[in-house]
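Coordinate-derived values only; no laboratory data. For clarity, every value in this text was computed on a predicted model and none was experimentally measured. Note that each Cβ is placed from the backbone with ideal geometry, even for glycine, and that neighbours are counted across all protein chains shown.
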């Protein structure tokens, strides 16, 4: 398949080497073709490459682990969750899941049940590997400082060589400037820089060697004379580090940044304020937005434009004009790709390459983006909910920085839960004591002995607890009426009693509420479930140890799960 991006660049994708059932591969390639079609969700070479990688990976995964899937019509919700479970064991970053969800969404034959499963969040929060936690503030600062030093060094080198070039163009090159005679042509330092500024390359390998040997150019930070006027790949990577540290940009956003910005400030009297267009393809129809860069962010934007402008100037002379912000010079693969790089994908940013890009600590863009949001507690090109749930809340640095706030909030929540909980609990020892001395225990509970006997026999059980006075409900309009409340209300009722016999069902109910929390909208959760969940969690943590809860979860049977299911579906309410 041949892909052409909006700028006319072509990329051929070959899927012939994939070992998979032809019908499955056909479905996957059709989904890919839909996504890369004009106006589709993947319109750059880098995103198309990522989508093609997802096609190949999923074809191999399904062939190896789910051979019964011979087309995407066979990819049911169970297979999707199996893949999610396997993926979540190794990473909590959402990028791969998001890409796979996008690819499958393009398939016309995918079952609706699978589409619903793809929209649901994972039942349990994924555990982030320690290597993927946010950097400490000191580490973050060290990485930022190292990148800043490298970018400043590139500025000084390019400015020094540009000054020499300008003297040549103005006719002021010193008469004693170094010169070289090659095949009847006299090259001065100025004329070599002029040739370089228009072609991105030196006239010959010999002249490159001769210039380096005589130190004719300022080559601070680089080794190749062809980079005297242009930032290297490593230097642009460091510039990208600064953009991530300042505004939390991810790779797809940085790939699509252009120099077309609107300056909303007086360039003479005010600090720079720029309005920059942001394109995040994963958002679909909401992919375009504006980012206001003021203060330090505005200054960084102007540095980024100035640092990379010589590359755009050369490309314009070469007949390949571009408004892409991030352009770097490379001195390899010149025949195939030309002297400049404009595509920045995760595949080209390996750990070893990234580690060479700065003299300070090693880094990855993912951890930098995470750290920026954790330290600043601000959503960046994502929703506040996504930033909180995926980036900030799971990170140890957030917990450490918010320890006092979290402790105070937990104390308030526990106090509120205790104030609204009226249910009473009996331990295993108290149940045994009740069998041996029912009169004393009945007096302690404030109930008749025969009621205690029925309680111990399980004759007073509701789907949640035991009720010792069904006709004395605090929720009834008149005394003596049957209790009209939902069984969830038992947790806030003084007539409710919990014994160890109820623990398995209560643990199953808590787990089910945790699952619901991942799929229902927040307003509905707060309205229908939040109070019940808080009371139940407080009841279990107050009256059972972690070991007892674990044993209760193992002891729960199908009857408990069925009853909880019917309770949550409101099939038990009268």
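Work out the FRET efficiency for residue 138 and residue 362 from their Cβ-Cβ distance, taking R0 = 22 Å, and round it to the nearest 0.05. Please report the intermediate quantities before stating the final value.
Numbers: r = 15 Å, r/R0 = 0.67.
So, using R0 = 22 Å, E works out to roughly 0.90.
Restricting things to alpha carbons, find the Rg to Rh ratio for region 2-125 using the Kirkwood radius for Rh.
Using only Cα positions, Rg/Rh for region 2-125 is 0.96.
Rounded to the nearest 0.05, what FRET efficiency do residue 542 and residue 116 have when you use their Cβ-Cβ distance and R0 = 41 Å?
After rounding to 0.05, the efficiency reads 0.65.
Using Cβ counts within 10 Å as a stand-in for footprinting exposure, how do 13, 32 rank, fewest first?
13, 32
Using Cα-only point scatterers and the Debye equation, what is log10 of I(q)/I(0) for region 424-568 at each q in 0.12, 0.17, 0.18 Å⁻¹, rounded to two decimals?
The Debye formula, applied to the Cα set alone, gives -0.52, -1.02, -1.13.
Need one number: nm distance between label points at residue 78 and residue 432, each 7 Å from Cα along Cα→Cβ, rounded to one decimal.
4.4
How would 532, 502, 65 line up from fewest to most surrounding beta-carbon atoms within 10 angstrom? Write out the running numbers ahead of the final one.
Numbers: 532 20, 502 24, 65 12.
So the residues, fewest neighbours to most, are 65, 532, 502.
Quote to one decimal, in nm, the extra length available between residue 64 and residue 206 on full extension: 0.36 nm per residue of separation minus the C-alpha distance between them. Don't jump to the answer; show the numbers that get you there.
Details: separation 142, 0.36 × 142 = 51.12 nm, distance 5.35 nm.
Value of the extension gain: 45.8 nm.
Calculate the spin-label point distance for residue 160 paired with residue 17, positioning each point 7 Å from the Cα along the beta-carbon direction, and give it in nanometres.
Roughly 4.5 nm, to one decimal.
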